[in-house]
Amino acid sequence: QVQLVESGGGLVQPGGSLRLSCAASGDVFSFNPMRWYRQAPGKQRELVATITSGGSTTYADSVKGRFTISRVKDTVNLQMDRLLPEDTAVYYCNAEVTVYEDYGEEYDVWGQGTQVTVSS
């Protein structure tokens, strides 16, 4: 069984903070990279942040300086600070699964999604 379990979403006021967490599990070689996406109603799904097993990170321009992605083994976190109303969306955890170390069998797995609402 391969799955991602997300937690940490909720309602927060503008300027506030939330911390999302995603735990990946399954009998595979690796989850790498791991990512956070988000999708607001009527908008395209947006890549928010990416982290590799080596610790390299990338961010969407809209969240640079405010969000921080991190991971400990197969748990990935997204620390969201100075939140804005436009950050309101369903946030999805994503991981690229490599089944075997020396075999090119890979696929993406997605979490269920967690709602983040930034509002007064």
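Read the figures in this text as sums done on the coordinates, not as results from a lab. Please read all numbers here as calculations on a predicted model, not as lab measurements. All Cβ positions, glycine included, derive from the backbone under ideal geometry; neighbour counts span all protein chains shown.
Here is the tail figure for region 21-73: Cα pairs spaced more than 19 Å apart come to 33 percent of all pairs. The convex hull around the C-alpha trace of the chain, projected and averaged over every direction, spans 7.3 square nanometres. With a Förster radius of 30 Å applied to the C-beta separation of GLN115 and PHE29, the computed FRET efficiency comes to 0.40.
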